[in-house]
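Chemist: Have a look at this one.
The values are calculated or read from the model by the stated rules, or taken from the named source; none is laboratory data. All values derive from a computational prediction rather than experimental measurement. When we count neighbours, we look across all protein chains shown, and the Cβ atoms used for this are built from the backbone with ideal geometry, even at glycine. To get the accessible areas, we keep the full protein, side chains included, count just its heavy atoms, and leave off ligands, DNA and RNA. Shrake-Rupley method; radii C 1.70, N 1.55, O 1.52, S 1.80 Å.
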Amino acid sequence: QVQLVESGGGLVQPGGSLRLSCAASGSIFGINTMDWHRQAPGKQRELVAGITTGGSTTYANSVKGRFTISRDNAKNTVYLQMNSLKPEDTAVYYCRLYMLGKSTWGQGTQVTVSS
């Protein structure tokens, strides 16, 4: 069984920064993708950023230039550095591990951007 534990969410003012972390534990094998999704109230869950074991990354257009995804393969941990946060970034952020055709989701962490 694989488990994901997210941390780092909170309340921040517009223009501020937060760093989310997601640690995976359990049976982690070989090539996989870890990514961050978010879901705002009344909206569908959307992909924010993803990163493969080899370090290839992808970003939603809305966060390009502001967010940076990275990972530590030795620790099976993925990070999301979020800068220049905007009120529209407010959402529950979920970490996902995609491996061997299966997805495992974290419990989510709330990010609120408000003055």
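Chemist: Along the Cα-to-Cβ line of residue 73, 7 Å from the Cα, sits a label point; which residues in the stretch 33-51 have backbone N less than 20 Å from it?
Modeler: 33-36, 50-51, by backbone N distance to the label point.
Chemist: When the Karplus curve 6.51 cos²θ - 1.76 cosθ + 1.60 is applied with θ = phi - 60°, which whole-Hz ³J(HN,Hα) does each residue of the stretch 84-100 get, with x for Gly and Pro?
Modeler: 6, 5, 10, x, 6, 7, 4, 4, 8, 9, 10, 8, 9, 10, 10, 8, 6
Chemist: Let me ask something else. Label point 7 Å out from residue 5 along Cα-to-Cβ: which residues of the stretch 73-115 have amide N under 14 Å?
Modeler: 76-78, 106-108
Chemist: Which ³J(HN,Hα) values, rounded to whole Hz and listed in residue order, are derived for the stretch 54-59 from phi using the Karplus coefficients 6.51, -1.76 and 1.60 in 6.51 cos²θ - 1.76 cosθ + 1.60 with θ = phi - 60°, glycine and proline given as x?
Modeler: Working through the residues one at a time gives x, x, 6, 10, 9, 9 Hz.
Chemist: Hey, rough spin-label estimate for residue 46 and residue 88, points 7 angstrom out along Cα→Cβ, what's it come to in nanometres?
Modeler: 0.7
Chemist: Once ligands and nucleic acids are excluded and a 1.4 Å probe is used, how much of residue 5 is accessible, expressed in Å² to the nearest 10?
Modeler: Here the accessible area works out near 90 Å².
Chemist: Could you order the peptides 84-95, 19-30 from most to least packed, using the average number of other C-beta atoms within 10 Å per residue? Present the calculation step by step, with values, prior to reporting the outcome.
Modeler: Values: 84-95: 18.2, 19-30: 14.9.
Descending packing order for the listed peptides: 84-95, 19-30.
Chemist: Please list 3J(HN,Hα) in residue order for the stretch 11-21, calculated via the Karplus relation 6.51 cos²θ - 1.76 cosθ + 1.60 where θ = phi - 60°; whole Hz, with x for glycine and proline.
Modeler: Computed from phi, the couplings for the stretch 11-21 are 9, 9, 7, x, x, x, 10, 9, 10, 9, 10 Hz.
Chemist: How large is the accessible surface per residue of the chain, computed with a 1.4 Å probe and reported in Å² as a whole number? Could you put the intermediate results ahead of the total?
Modeler: Values: 6130 Å² over 115 residues.
Accessible area per residue, the chain: 53 Å².
Chemist: Which value in nm describes the separation of the simple spin-label points at residue 103 and residue 115, placed 7 Å from the Cα toward the beta carbon?
Modeler: Placing both labels 7 Å along Cα→Cβ, they lie 3.6 nm apart.
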